[in-house]
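What follows is a set of notes on a single structure, which appears directly below.
The values are calculated or read from the model by the stated rules, or taken from the named source; none is laboratory data. Quick caveat: nothing in here was measured; it's all calculated off a predicted structure. Positions of Cβ are generated from backbone atoms using ideal geometry, with glycine treated the same way; all protein chains shown enter the neighbour counts. Only protein heavy atoms, including side chains, enter the accessible area calculation; ligands, DNA and RNA are left aside. Shrake-Rupley method; radii C 1.70, N 1.55, O 1.52, S 1.80 Å.
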Amino acid sequence: MFGLADLIALIISAFIILPVVVFLRESGYLIMGLIVGVKNPRMTIGSGPRIVKIGMFDIRKYYHLYSWFSYDSLRREGKIAYISLYAGPILVNMGVAFTINALLANGMLEEYATFWDRFVFYAFYYVVFDIVPMKTANGMPNNGLIIYEMLRYGRRTDYNDEPFLPSTSEVEEQYQEDMEKIEEVKEHQKDQVEEHQENSDMSKSEERERKEEIEEDKKEDQEDLEQIKDQKQKQMDKHEDNFPK
């Protein structure tokens with residue numbers, strides 16, 4: 001039965017372990033990219049509006065499960081450099097997973113063994129996802145297929161309309177466009193709010209004017225009634241004067 005302990009474990013896995021494992025995976029691209037030489041490397045951590053950009057690190061507002069590496073081009077176009085770049089995530093996750101597993105096997109990290117067991121599980125999950133050659137849900141090749149195609153056929157598979165690893169320059173342009181659209185939406189919403197307030201103010205003003213008109217009409221009607229009463233009273237007085245005494 002799914003209980004409170006399972007819920008806590010799920011929250012820890014979803015909000016701590018998985019984001020860290022994803023970050024480690026993407027850092028494999030970064031480390032290997034620096035070794036083989038890539039132009040304009042960038043590690044984006046999270047999504048949404050930018051909080052700060054420090055060197056090659058772009059930190060966004062929403063971190064959860066969303067980190068990625070981008071670059072513009074390889075400085076050296078050789079087969080070894082190409083394979084090494086896409087093997088980076090596999091090697092890093094495998095290295096971390098084997099290290100933690102070895103520590104657990106030797107009686108270390110026992111106090112938080114359950115946490116580290118889950119960490120090793122998700123690290124190996126991404127290793128399997130990367131190393132088995134296949135296409136992902138969007139039709140793009142995973143790292144294993146990219147490496148396999150290069151080893152067997154000597155061809156690159158990231159020459160596509162949508163490359164497997166995005167270009168840093170294109171990512172930055174897309175980010176700026178997205179931020180401009182967000183600002184436009186904010187300005188539009190602000191204009192709508194101001195327009196609504198103006199309409200509200202106008203409505204209140206019109207309501208006050210209407211009340212004043214009603215009050216004036218009441219006064220005029222009251223004055224007319226008073227005049228009618230006076231006329232009737234005069235007529236009655238005149239009529240009484242015509243009666244014989």
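Quick one: which of Lys53/Lys79; Lys39/Lys61; Lys39/Lys135; Lys79/Lys135 span more than 28 angstrom between C-alpha atoms?
Flagged as over cut-off: Lys53/Lys79.
Put Leu18, Leu91 in order of accessible area, largest first, 1.4 Å probe: what do you get?
Sorted by accessible area, descending: Leu91, Leu18.
Hey, could you pull the Cα Rg and Dmax for region 1-44, both in Å?
Final numbers for Rg and Dmax: 16.3, 51 Å.
Treating only the Cα positions of region 1-109 as identical point scatterers, give the base-10 log of I(q)/I(0) from the Debye formula at each q in 0.11, 0.18 Å⁻¹.
Log10 of I(q)/I(0), two decimals: -0.47, -0.97.
Using the Kirkwood formula on the Cα atoms of region 43-104, what hydrodynamic radius do you get, in angstrom to one decimal?
The Cα-based Kirkwood calculation yields 14.0 Å.
What does the highest-first list of 20-30, 179-189 look like by mean Cβ count within 10 Å?
Those peptides, ordered most packed to least, come out 20-30, 179-189.
Find the relative contact order for region 24-163 and round it to a whole percent, using C-alpha pairs within less than 8 Å whose residues are 6+ positions apart.
21 percent
Return the Rg/Rh value of region 75-149, two decimal places, where both radii are evaluated on C-alpha atoms and Rh is the Kirkwood radius.
When Rh is taken as the Kirkwood radius, the ratio is 1.11.
Of the options Pro49, Tyr62, Val120, report the single residue whose Cα projects farthest towards the positive end of the charge dipole of region 8-157 (beta-carbon charges: Lys, Arg +1; Asp, Glu -1).
The Cα lying farthest towards the positive end belongs to Pro49.
Report Rg/Rh for region 20-179, rounded to two decimals, where Rg is the Cα radius of gyration and Rh the Kirkwood radius.
Details: Rg = 16.8 Å, Rh = 16.8 Å.
With Rg and the Kirkwood Rh in hand, the quotient comes to 1.00.
What percent do you get for the relative contact order of region 12-61 when only Cα pairs under 8 Å and 6+ apart count?
On the way: 44 pairs, mean separation 12.4, N = 50.
Relative contact order for region 12-61 comes out at 25 percent.
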